[in-house]
Every structure is written in structure tokens, then in C-alpha cells.
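Each reported figure results from applying straightforward, stated rules to the coordinates on display, with no laboratory input. Remember, predicted model here, so these are calculated numbers, not experimental data. Note that we place each Cβ from the backbone using ideal geometry, even for glycine, and neighbour counts take in every protein chain shown.
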Amino acid sequence: MRRSFTRTIMLLCFTVTATASFSQILQTAAPASVQFSEEKLKRIDGLVQQYIDSGWINGATAIIARNGKIVYYKGLGYDDAATKKPLPKDAIMRIASQTKAITSVAVMMLYEEGKFLLDDAVSKYIPEFKNPVVLDSFNEADTTYTTVPAKSEITIRQLLTHTSGIHYAQIGNKTFNAIYAKAGIIAGIGVNRIKLADIMKKLGSLPLAHQPGEKFTYGLNTDLLGYLVEVVSGMSFNVFLKTRIFEPLGMKDTYFYLPAEKQNRLATLYTEDDTRHIKKAAATMDINGTFYTNYPNMNGTYFSGGGGLASTAYDYAVFMQMLLNNGVYNGKRILSRNTIRMMTTNQIGDLRLGQGNTFGLGFELVTEKGSAFSPRSEGSYSWGGMFSSSYWIDPKEKIVAQLFLQLYPNSHGDIHEKFKVLTYQALTD
């Protein structure tokens, strides 16, 4: 009887705690309150300062939360390394491919509404993708190519898992950079006034890199998913994200293109010189085509689901906390817990990413094998962004964490793995 009573009390306490964490917003707390060492967390400051002093980065914003309590949230270093202008913790950063997780959530919201099934052919909703073909041969001299018919249509699930065969423009391999450039296909960030629908419809007529479902090929899949959201919902993609995700969650600093009153908060983008040390990026860069450095401050029209958003460390932590909470945050449910379970379950079978990890619906998943290479727990899920940013969500440890840099390229990207190490070494339980 006594044991039964104790178990009942413990269960009630857990339920009350879980419910409270779902209904509250992320707030700063003493690290010790969630078993973090404040002293050991300071090692992160030293790590970032070392990279600044070495001339490898200009600065960073970082956030770590456990059990819904923020234990580390700082702006470190400089927005302008020359003038020593500090980088504030609420600086707005180009989040690039961290947009993909948000787009994947948008897609799964429509899936939950019965708008489609994940194994539906994309061509059912976007006819331009009917009867896909696969690249057979490519002539580098004149960029001509031959194709063979695909064995099957590409599906929505394959877009979410990057197994469709669609490649990346500009930052893909040499062959597909050439094929896409000739057809006017671009990666979708740092671009001038073009429309998502126009580019995605063109993409439908171009060859796939491999037969659908046979390989993991990181590509424009998530941009196409953004267009799918537009087609199925009847809303422009930016409006859908704003009204269905950002406003309910209270993400007040996340946009494709910043309103005028927030443009001065956009962090400066840096690049590297020939010695792999930082220098300010020019207004335009050549990334296999013209790239506009301060594109979030433009009056843009292209809403890239694969990489177009700008956000802050806090806003993105709110999004991550919603996922960790099984789809709910501050009393607002975005997805059901079973949909989150699907998104964080292996969806690519025996295919593998680096270090033996796998992929769900929008995230890399840490496997048992992968956890041997990183302090992150098995079952953690994550991704990163082109401008040297990374995030992860660890359901076992109830941790969400994020490190934002604004640097492309970055020859010293090992700072992200070191940030993970310094996060976990600070745990005291």
C-alpha cells in the first residue's frame, strides 16, 4: 500500500511538472536548479574567446535550456570586429538550413489536417513533377545530358527525408550546379525578386540525381515542400509560417525579410580571407551566382523553405522547446505527440549519414553508434545552417541548445562540436 501511494504521488508530481513546463515560456533560471554547473558553463565563454582571439570568428550567440529553464544565453564577441561593436544576444541571424525544421513542421501540420498522406506522389499536388527522369550521362563541355525514366514518382516522405533524388543548386556538386544554373534554378537565399512557384515548377522538369528513395541526397527538397504548403493551404508560405507557427509560439523575431524597424538588428556576415581568417563579407558574394549578403533586409519575394529565414537564439530555442514538449509550448499545441514521434524516428531504413546516424522527417537522428562520437544522447535530433550555426534537441536530457555564427565559409567549424562537449560536461547529475 505504501509503495503504491508513493508511486501515485511521484506520478502526480511528474504530471504537474510536465504540464507546467508545457504551459510556461522559456525563462532564465539558476543553472544549479536544473543540474548545471554555472562555473563549468563559463568554459563556453573561453572557447568562443579563443576563436575570436585567433581571428577565426567575430562572435557568436548561444543558448542552452534544460527542462524549459535557460541556463546559458549570451552574445559573445563582436558584431563588428574592427570597431569592437558588441554582438548582442538578441541579434537577428541568418539561420539558413535551420529553416528546414520549421518547414517540416509546417508540412506535418497539414498532414495532421488530412490534406495529404506522406507517401502521396508530389505530382498529385504539383503536376510539373509528373513522370520524373533520372540523370544518365552528362557532358561537361556543353552541359547537355541524357536521362532514363524514374522507376517511381517522388513522394512527400522522400522530400522530408532528402531521398527524392533532387539535388542542390549553387552549393551542390559540379554536375547539378551546371544543370540547375542553365535552367535558372537557384538555392533560394540571398536572391533578388523571384517567386518560389516559378522556380519550383522549373525544377520539376529537370533530372533527379538517382532513383527516388535509393540514396540520401541533400537538396532543394525542402524548398519544394514550402511550395507544397502554399498549394495545399492556399496561403503564401511566409503567411502560413507567421500565422500558424510564429505568432502562436510568440516567435517575434523570425522572418524571411525583416521589417524596417528590425533591420538594424541583423548581424554582420563575415567570410574568410586566403589565410582562413575572418573579413567582412562584401555586399554581394559569388556563390556560383550572385548572392546578396544582407538579403533579410531586402523587400524579397522568394520564401525559401530550405534556408530563407532569419531568427534569434531565443526564438529558435522556443521552436526547439515546442518540439521537446511533444508539440506544445505555452499552452499552444502545434503538433501532436505522435507526429513528433514520427518526425524523430528513422525514416531512411539502412541508409546512413556520417558517424552512423540516420534521418527522420526533417532532422538528423543520433543513433546508438552515433552517440559514441558525441556526448549527445541516442535519440537526439539536430541540423545546422550554411552560415555556421548548429542546434540540437536531446529528449533524454531534456536539453535544447543552439550556437549561431554568421560566417561563410568556416574553416574552423569544430567549434560546434566543442560547444556540444562543453554543454554536457557542465551537467552535474
Take every Cα-Cα distance within region 118-236, group them into 10 Å bins from 0 onward, and report for each bin the whole-number percent of pairs it holds.
14, 50, 31, 5, 0
As a percent rounded to 5, the proportion of antiparallel DSSP bridges among beta bridges in region 118-236 is 90 percent
Would you work out the Kirkwood radius for region 146-192? I mean one over the mean of 1/r across all pairs of different Cα atoms, in Å.
12.2 Å
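Mind checking region 120-171 for GluC sites (Glu not before Pro) that DSSP puts in a loop (not H, G, I, E or B) and that have at most 14 other Cβ atoms within 10 Å? Numbers along the way, then the final one.
Working: sites: E128, E140, E153; in loops: E140, E153.
Qualifying residues, ordered by number: E140.
In deg cm²/dmol and to the nearest 500, what is the mean residue ellipticity at 222 nm of the chain if only DSSP H runs of at least 4 residues count, each as -39500 (n - 2.57), divided by the residue total? Don't skip to the answer; put the middle values down first.
Numbers: 11 runs with 123 residues, N = 429.
Helix contribution divided over all residues of the chain: -8500 deg cm²/dmol.
For K69, K369, K100, what's the fewest-to-most ordering of other Cβ within 10 Å of each Cβ? Don't skip to the answer; put the middle values down first.
Details: K69 19, K369 13, K100 28.
With the sparsest Cβ surroundings first, the list reads K369, K69, K100.
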What are the ³J(HN,Hα) couplings of region 172-188, residue after residue, when phi is run through the Karplus curve with 6.51, -1.76, 1.60 and θ = phi - 60°? Round to Hz, x for glycine and proline.
x, 7, 4, 5, 6, 4, 5, 4, 5, 4, 4, 8, x, 8, 10, 6, x
Rank M108, M235, M93 by mean-square fluctuation in a GNM of the chain with C-alpha springs under 10 angstrom and give only the top-ranked residue.
M235
If one builds a Gaussian network model of the chain from Cα atoms under 10 Å apart, the most fluctuating residue listed among V134, V318, V366 is V134
Which residues qualify? For D80, with a placed amide H closer than 5 Å and at least 5 residues away or on another chain, they are K85
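Given the convex hull over the Cα atoms of region 298-429, what projected area results after averaging over all orientations, in nm²? Could the numbers behind the result be given before it?
Details: hull surface 39.7 nm².
Averaged projected area of region 298-429's Cα convex hull equals 9.9 nm².
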Work out, in µm²/s and without decimals, the Stokes-Einstein translational diffusion coefficient of the chain at 20 °C, 1.002 mPa s, Rh from Kirkwood over C-alpha pairs.
96 µm²/s
